[in-house]
Every structure is written in structure tokens, then in C-alpha cells.
Amino acid sequence: MRNCTLTPDSSIVVAVIEAIAHAEKRDPSAVDVILADYIDPNVLEKLADMDEGVWEFTFRVSDHQVRLTHDGTIFVDGVKHDLGIVRQE
């Protein structure tokens, strides 16, 4: 499992790409995916910024099924990638 913390310079979008890269056993810079071709990145950012509630969001990216949860967990093809998302106050 790979851990990463969101800072003002990173985002849920970066975390999703990193999780896909981890699933493909590749470096994130080698992943040939433009997330915006599959989903509006603003949707992911808004979900990550939610302070309350329990939610789960699933979408497809290329050959992968990606599921995000309210606690910052990302599943790629059913495999958990806990990226330790920390919201900035």
C-alpha cells in the first residue's frame, strides 16, 4: 500500500493517478492517462473537500475501475490504495 498526503500543491487527481500507476506497477509519470478524458477533475476535488458525510464514488478510467471513499481510500480494480488524504484547514 502506498501513502501520500495531500498538500496545497497536490490533489485528489494526483492521488488517483498515483493509485492507477501503483496498480499498473509503473511510475506515475509513465501512466498514459488524461483523467479529464474520463471524468471532470472538479468533481473529484469537490468530493475530497467534503467535510461531512459518508460517500463513495466509482468511475472508469481506461481499463480500470476506480472507487473513492469519504475517508480518502482509493480502490483500483478492487485493490485498496490508502493514500492517507489529509484535508488542509
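Filtering the stretch 54-74 to residues that are surrounded by 14 or more Cβ atoms within 10 Å (Cβ to Cβ) and either closer than 14 Å to ILE20 by Cβ or small (Gly, Ala, Ser) (or both) leaves PHE59, VAL61, SER62, HIS64, VAL66, ARG67, LEU68, GLY72, ILE74.
Whether any residue in the stretch 34-45 is touching a Pro at 6+ places or on another chain (Cβ under 8 Å) and either outside any strand (DSSP E or B) or surrounded by fewer than 12 Cβ atoms within 10 Å (Cβ to Cβ) (or both) is what I want to check. Yes, some residue in the stretch 34-45 is touching a Pro at 6+ places or on another chain (Cβ under 8 Å) and either outside any strand (DSSP E or B) or surrounded by fewer than 12 Cβ atoms within 10 Å (Cβ to Cβ) (or both). Would you please name the residue that is nearest to THR58 (Cα to Cα), looking only at residues in the stretch 69-84 that are at pLDDT 85 or above and either among the aromatic types (Phe, Trp, Tyr) or touching a Ser or Thr at 6+ places or on another chain (Cβ under 8 Å) (or both)? That would be PHE75.
The values are calculated or read from the model by the stated rules, or taken from the named source; none is laboratory data. These numbers come from a predicted model, not from an experiment. Methodologically, a virtual Cβ is constructed for each residue, glycine included, from the backbone with ideal geometry; neighbour enumeration extends over all protein chains shown.
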